[in-house]
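The values are calculated or read from the model by the stated rules, or taken from the named source; none is laboratory data. Computed from a prediction, not measured in an experiment: that's the story for all the values here. Positions of Cβ are generated from backbone atoms using ideal geometry, with glycine treated the same way; all protein chains shown enter the neighbour counts.
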Amino acid sequence: MQEAVEKLRSEFGSDAVILHTSHKRRWFFGKIGPRHYEVLGAHDPDNQPRRRRNNAVNGEAPLRAPAAAGQDTASPERSEWSEAVQALYVKLVGRDIPKELAQKLIKETLSELPKAEWSNVNKVWDRLAAVVARHITTVEPWDFSGEQKIVVFIGPTGVGKTTTIAKLAANFALVDERSVALITVDTYRIAAVDQLRTYADIIAVPLEVAYSPQDLRAALAKFKDKDLILIDTAGRSQHSHLQIAELKSYLEGIEAEKHLVVSATTKMRDVDEIVRIFSQLSPNRVTVTKLDETSSHGVILHTCMRAEVPLAFVTTGQGVPEDIEVADGERLAQLILGDVR
Ligand SMILES: Nc1nc2c(ncn2[C@@H]2O[C@H](COP(=O)(O)OP(=O)(O)OP(=O)(O)O)[C@@H](O)[C@H]2O)c(=O)[nH]1
Ligand SMILES: [Mg+2]
């Protein structure tokens, strides 16, 4: 503050009157930035000639001395946020919600609240939770009253596609008593087929291994009377365009619910690439796995918003069949936000 006052005096003379001083933190790339000091002063030009003045400020008006240190990076909108909202923003970013997304969510939240409530942290938080829940579109649980359901699971390697299929197969076959069949097109590794076969044997559901798109069609025809057919695919690196094109040839012309399976442990920037690359296969659902392996769940929201398709299931552990849930937007919003009030 002393430095700011000295700066004012050196520019406008020692008779400059200090009208107001304040300090505040500015927001610097979402983190608390350096403290900024603001000195509002005035001087009487008739009393003493200006010593150094090189801009067009009218000497009669009170003038603002620039802050002594740092740059003001706050956008006009951000600067309107109350301290409570600023703090909330920092907490969201601390929970690994990308800054851009956190800002978007807060702006949306504030736009739905009267300005008088912007400093009421509970009101803001409740509204924010509702906004987040709204962005996590979910779907009704499967019902088998209509036609047969064919569901394909696609996604990067090791995210839990096969395990998720085993969980679903066990739940629907054993608990729900539906007729379930499994098909795998993951024939790249012997172990992959064995993994699914082991589950199929335990759950007592049939499994077909498809080595070609024709095999896949034949297997689907064979299982035409089943309520539910779950199709496993080999994990694809989002960098392997060739593998994804191959998978596309398998799925062409098949009417299926296609789940993009993403792990909650994925890095945010990788989510963008995964969604982009797998969009070639037109997934119409997202399933997020391994919620138990991270405490920052922003990936769930980020993936849903990027993929622009509903979230169907989330999985919460290695246990088959118990560690799977039908996605619930409100519960997930609470999980994503934590109690950041
Ligand atoms: N902690 C945790 N582990 C999980 C979850 N789902 C799957 N896994 C584990 O993740 C590992 C990989 O699971 P898989 O089901 O083989 O994954 P995948 O996507 O089929 O893998 P690829 O077929 O190789 O692409 C296994 O050790 C699973 O037990 C989950 O929700 N939480
Ligand atoms: Mg697998």
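If you filter segment 174-197 down to residues that are more than 12 Å from ligand 2 (Cβ to nearest atom) and modelled with pLDDT under 95, you find that the one that is nearest to Leu228 (Cα to Cα) is Arg178. In segment 318-335, of all residues being in contact with a strand residue (DSSP E or B) (Cβ under 9 Å, 6 or more places away or on another chain) and over 22 Å from Ala102 (Cα atoms), the one that is nearest to ligand 1 (Cβ to nearest atom) corresponds to Asp323. A single member of Leu105, Leu92, Leu110, Leu168 is surrounded by 15 or more Cβ atoms within 10 Å (Cβ to Cβ), touching a residue at least 60 places away in the same chain (Cβ under 8 Å) and either more than 16 Å from ligand 2 (Cβ to nearest atom) or small (Gly, Ala, Ser) (or both), and it is Leu92. Screening Ser240 on (1) away from ligand 1 (no atom under 14 Å from the Cβ); (2) out of contact with any Ser or Thr (no Cβ under 9 Å at 6 or more places or on another chain); (3) under 26 Å from Ser279 (Cα atoms) shows it passes everything except condition (1). Residues that are hydrophobic (A, V, I, L, M, F, W, C) and within 16 Å of ligand 1 (Cβ to nearest atom) were ranked within segment 193-216; the one that is nearest to Thr289 (Cα to Cα) is Leu196.
So, in segment 286-301, exactly how many residues are surrounded by fewer than 23 Cβ atoms within 10 Å (Cβ to Cβ) and outside any loop (DSSP other than H, G, I, E, B)? Result for segment 286-301: 4. Filtering segment 146-156 to residues that are over 10 Å from Asp232 (Cβ atoms) and crowded, with 24+ Cβ neighbours inside 10 Å leaves only Gly155. Against the condition polar (S, T, N, Q) and either closer than 21 Å to Ile202 by Cβ or not assigned by TED's automatic domain parsing to the domain that holds Asp227 (or both), how does Thr157 come out, does it pass? For Thr157, the condition - polar (S, T, N, Q) and either closer than 21 Å to Ile202 by Cβ or not assigned by TED's automatic domain parsing to the domain that holds Asp227 (or both) - is not met.
In this structure, does Gln238 turn out to be among the polar types (S, T, N, Q) and outside any loop (DSSP other than H, G, I, E, B)? No. Picking from residues in segment 245-275 that are without any contact (Cβ under 8 Å) to a residue 12 or more places away in the chain and in a helix (DSSP H, G or I), the one that is surrounded by the fewest Cβ atoms within 10 Å (Cβ to Cβ) is Arg269. Within segment 302-315, the set of residues being touching a residue at least 60 places away in the same chain (Cβ under 8 Å) and assigned to a loop (DSSP other than H, G, I, E, B) comprises Val309, Pro310. Evaluate the following for Ala219: is it out of contact with any helix residue (DSSP H, G or I) (no Cβ under 7 Å at 6 or more places or on another chain) and either within 17 Å of Leu251 (Cβ to Cβ) or within 16 Å of ligand 1 (Cβ to nearest atom) (or both)? Criteria met by Ala219.
The set of residues in segment 146-156 that are more than 8 Å from ligand 1 (Cβ to nearest atom), in contact with a strand residue (DSSP E or B) (Cβ under 8 Å, 6 or more places away or on another chain) and part of a loop (DSSP other than H, G, I, E, B) contains only Gln148. Of all residues in segment 171-185, those satisfying the criterion of being within 16 Å of ligand 1 (Cβ to nearest atom) and buried (at least 22 other Cβ atoms within 10 Å of the Cβ) are Leu182, Ile183, Thr184, Val185. Test Ser279 against the criterion of being touching a residue at least 12 places away in the same chain (Cβ under 8 Å), more than 14 Å from ligand 1 (Cβ to nearest atom) and not in a helix (DSSP H, G or I), and give yes or no. Taking the combined requirement at face value, the residue does not satisfy it.
Results for (1) farther than 23 Å from Thr233 by Cα; (2) within 16 Å of ligand 1 (Cβ to nearest atom); (3) part of a loop (DSSP other than H, G, I, E, B), shown as yes or no for each residue.
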residue	(1), (2), (3)
Leu110	yes, no, no
Ala116	yes, no, no
Val124	yes, no, no
Arg127	yes, no, no
Val132	yes, no, no
Pro141	no, no, yes
Phe144	yes, no, yes
Gly158	no, yes, yes
Ile165	no, yes, no
